[in-house]
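Accompanying notes for the structure given below.
Bear in mind that the values in this text are calculations on the coordinates, not laboratory data. The model shown is predicted, which means the values in this text are computed figures rather than measured ones. Because the Cβ atoms are built from the backbone with ideal geometry, glycine has one as well, and the counts that use them run over all protein chains shown.
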Amino acid sequence: MRNFLLSLALMAIALPFTSCTDDEPVIQDEPVKETVTGKNLVSWTIKAEDGTTNYVETADYIFNIERTKDEATVSVVAKDVKFDSHMPIKVSFRMEDIKTTKFDENYVRFKASSVKFLDSETGEENTRYTLTNVKGYVDKKNNIYSLDYTVNGTWRVLVFNSTVSTLVTDNDYSATSDLYYSYKIDVDDMKAEVFIYNVQFQVGGATSPVLKKISIPDLDVAFTTEDYDDGPIQPVIKLTGDNIVPTYYTGANLDQGTPYPALVVNNFKSTLDISAHVHYIFFNCHGGEHSNIDNVLGSNLYLWGWDWTTNGPMRQN
C-alpha cells in the first residue's frame, strides 16, 4: 500500500512537467547532412593588385552542407588547386565552416569576410595562407556551383561551371519558346562553344523561321579584365571567331546535330562578365546580324548567387 501511494505522489509531481502547454519547447528536426561535388569547374586566379590573369585550370570542389530548420553550415574542400602559376605543386585544403541563413533544400548561398585555411585531412590550420572575401553558391537542382575567394590578399580565385547559361528553370530549354544561351568553355584547349535556343535571324526586312537550337563551335577564349570608368576592374571572358559553320539540332531532345553551312557565322564577339553575371553577344550570319544588346533578360547569366542586384537574374532567394 505504501508503495502504491508513493507512486501516486510521484505521478502528481511529474504531471505539471509533462502536460502540453503553449510554452513547451518544440523538438527540432535532426540536422540534414549532405556532400555535393562540383567536378571539372573552371578555377581562374586573378592578381589582386593589377587584375591580370594569373592562372586558369579545371578543379574539383566539394561542398559539405549541414542544414537545420533555421541555419545551414557549409565547409568547402578544394582538391588539387593552384593560386599562382609559379607554385611547384597543387594544394588541397578546407575552408573553415561558414554559417548562413540563405538556403533551402535545393540551394545554399554563403559568405564570410575571413575563414581559416585548414588541412583537408587533419583539419589543422595552415597559417601560411589566409582566406578572405569568401562568397559561394550551390544550386543542386540545376547543378550550378560558384565560389569567389581571395588568398593572402594577393590572388582572387573565381570558381564556376565550365558550362555557363542564361537563367532557365531546371535548364529545360525545350520547354520554352524564349531566346536562351549556353556557353561551354574548354580550359585545356582554350576553346568554347555557344548554344543558342529559339533564335531567329533578321535579313533585310525578313525574319527567319525559329531555330530551336544551334551551336557555334571552335571559338577562341581569352580570360582577361575590363577597366570600367564607373567601377572596379571586372573579370571577363572574351570569345571570338570568324568563318564558322554552326551546327543545327533536331530530334525530340534536340540532340541530333548537323553542320549548317547556309548559316556561316562571321565577326563573332562575346563577352561574359563574371562578377556582373551578364553576357553580350554579336555576330553576322546569313546576311544579317544577331545581338542580345536590347534583350535585358537574355543578357543575364545564371552564375553568381550572392551579389545579384535588382537588375540581375530574377531569383533572389
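Some notes on this structure:
- For the range 59-107, the list of GluC sites (Glu not before Pro) that fall in a loop by DSSP and count at most 11 other C-beta atoms within 10 angstrom reads E105.
- FRET efficiency estimate (nearest 0.05) - Cβ-Cβ, D70 to E121, R0 41 angstrom: 0.85
- Using only the C-alpha atoms, the convex hull of the range 163-299 corresponds to 127 Å³ per residue.
- Centroid-to-centroid separation of the range 28-58 and the range 183-203 [C-alpha atoms, Å]: 23
- Three principal axis extents describe the C-alpha atoms of the range 22-128; from largest down they are 63, 27, 26 Å.
- Gain upon complete extension [M87, N284; 0.36 nm per residue less C-alpha separation]: 66.7 nm
- Kirkwood Rh, angstrom, the range 83-178 [1 / mean 1/r, Cα pairs]: 15.5
- Extended-chain gain in nm, criterion 0.36 nm per residue less alpha-carbon gap, T37 and S177: 47.2 nm
- Using θ = phi - 60° and Karplus 6.51 cos²θ - 1.76 cosθ + 1.60, couplings along the range 108-125 (whole Hz; Gly, Pro as x): 8, 10, 8, 7, 7, 6, 7, 9, 7, 8, 10, 4, 5, 9, 8, x, 6, 6
- Qualifying lysines (Cα of each under 29 Å from Cα of K269; at least 8 residues distant if same chain): K39, K47, K184, K191, K212, K213, K238
- The magnitude of the dipole of the range 32-160, with charges of +1 and -1 set on the Cβ of Lys/Arg and Asp/Glu and taken from the Cα centre, is near 260 debye.
- Residues in the range 46-54 carry Karplus couplings, in order, of 10, 5, 5, 6, 10, x, 7, 5, 10 Hz; the curve used is 6.51 cos²θ - 1.76 cosθ + 1.60 with θ = phi - 60°, and Gly or Pro positions show x.
- Length released on extending from N267 to D104, taking residue separation times 0.36 nm less the Cα-Cα span: 54.4 nm
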